[in-house]
Amino acid sequence: MLADLPSHAVVGHLVVIVAPIAALLAATYALGPRTRRLLRWPVVAGAALTFALAVWAGQAGQVLLAAVQAAASGGEPLPAAVDGHAHGASMLSAAAFVLLVAVAALLPRVLAPGRPRGRAASVGAAVLALCALGTLVTTATTLVQAMEAVWSHHPGWS
């Protein structure tokens with residue numbers, strides 16, 4: 001718990017703020033060679049922070065899920081939206097990991113600032129841009145699933 005809120009809610013909000021920023025930085029880095037000197041370390045930091053926050057949010061989500069299941073009355077199953085969000089959160093952690101691996105693999109050499117353009121740089125830029133896009137899409141999907149999971153508990157909000 002963080003200030004009377006489940007830590008998953010707080011960390012989850014951090015992920016949906018940081019992940020798109022990190023993904024947009026990575027896409028800009030990939031597609032704009034002139035930006036690479038300026039964005040190299042922010043991209044590395046953003047990818048690492050996104051992965052760390054996604055893992056933390058996932059772990060906090062498992063704790064919250066266990067607490068909600070324990071508090072469920074009459075052994076009633078939780079709405080399917082809750083399981084959907086849990087699956088989406090796992091996918092977000094995977095996307096964040098893939099982005100981090102791509103950044104770690106490509107930025108030091110293939111997409112290093114000042115490196116001449118060539119086939120390897122073009123392929124590397126495409127891979128990094130696709131990883132960034134995957135992170136953006138997965139973040140948006142997981143956010144929608146989170147809202148559905150929360151709203152599924154409030155019949156008046158559906």
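The values are calculated or read from the model by the stated rules, or taken from the named source; none is laboratory data. Everything quoted here is computed from the prediction, not taken from an experiment. Quick reminder, even Gly has a Cβ in these numbers, built from the backbone with ideal geometry, and neighbours come from all protein chains shown.
Miscellaneous remarks
- Residue pairs whose Cβ atoms lie under 6 Å apart, separated by 6 or more positions or on different chains, with the first residue in the stretch 55-69 and in contact (Cβ under 8 Å) with a residue 24 or more places away in the chain and outside any helix (DSSP H, G or I) and the second of a type outside the set (Phe, Trp, Tyr) and surrounded by fewer than 18 Cβ atoms within 10 Å (Cβ to Cβ), do not occur.
- Only one entry of Val110, Val127 meets the criterion of being surrounded by 14 or more Cβ atoms within 10 Å (Cβ to Cβ) and assigned to a helix (DSSP H, G or I), and that entry is Val127.
- Filter result for Leu65 (surrounded by 14 or more Cβ atoms within 10 Å (Cβ to Cβ), out of contact with any Ser or Thr (no Cβ under 9 Å at 6 or more places or on another chain) and at pLDDT below 90): yes
- Within the stretch 1-51, the set of residues being in contact (Cβ under 8 Å) with a residue 12 or more places away in the chain and not in a helix (DSSP H, G or I) comprises Pro6 only.
- Matching entry among Val43, Val101, Val10, Val16 (being under 22 Å from Ala121 (Cα atoms) and surrounded by 14 or more Cβ atoms within 10 Å (Cβ to Cβ)): Val43
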